[in-house]
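What follows is a single structure, written as structure tokens, with notes after it.
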Amino acid sequence: MRAVEVTGTIDEKGQLFLDSPIKVETPSQVRVIVLFPETTDELENNPDDTPIESIKASLRRALQQAKTGQTRPISQLWDRIDDECIAGVRSQESGVRSSASN
């Protein structure tokens, strides 16, 4: 099986219309997977969707800090990550205990 990516629209009757034809050697039945864009609400509530400008600004700050020697040993960074992970696990465990006692 081979895959071809094309764009299109779906009308109010649920009919799919491709923006451009697909060149095939022989007409045949196909499987179709439709990917819908995420709604605005889903995008706003997703903490992993940091705006590009925010990422760029953070990288500029980090580069400037590195140029001026404002860095930390990697061991300190790992300690901080470990502490955050442990705190997260404890928070989850606390939530499980409190819901189990209800």
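Please treat every number below as a calculation from the coordinates, not as lab data. Predicted, not measured: the structure shown is a model, and the values here were computed from it.
Computed from backbone phi with θ = phi - 60° and the Karplus coefficients 6.51, -1.76 and 1.60, the 3J(HN,Hα) list for the range 68-75 is 8, x, 8, 10, 10, x, 4, 4 Hz; x is used for glycine and proline.
Computed from backbone phi, the HN-Hα couplings of the range 19-35 come to 6, 8, x, 9, 7, 10, 6, 9, x, 7, 6, 10, 9, 10, 10, 9, 10 Hz, rounded to whole numbers (Karplus: 6.51 cos²θ - 1.76 cosθ + 1.60, θ = phi - 60°; Gly and Pro given as x).
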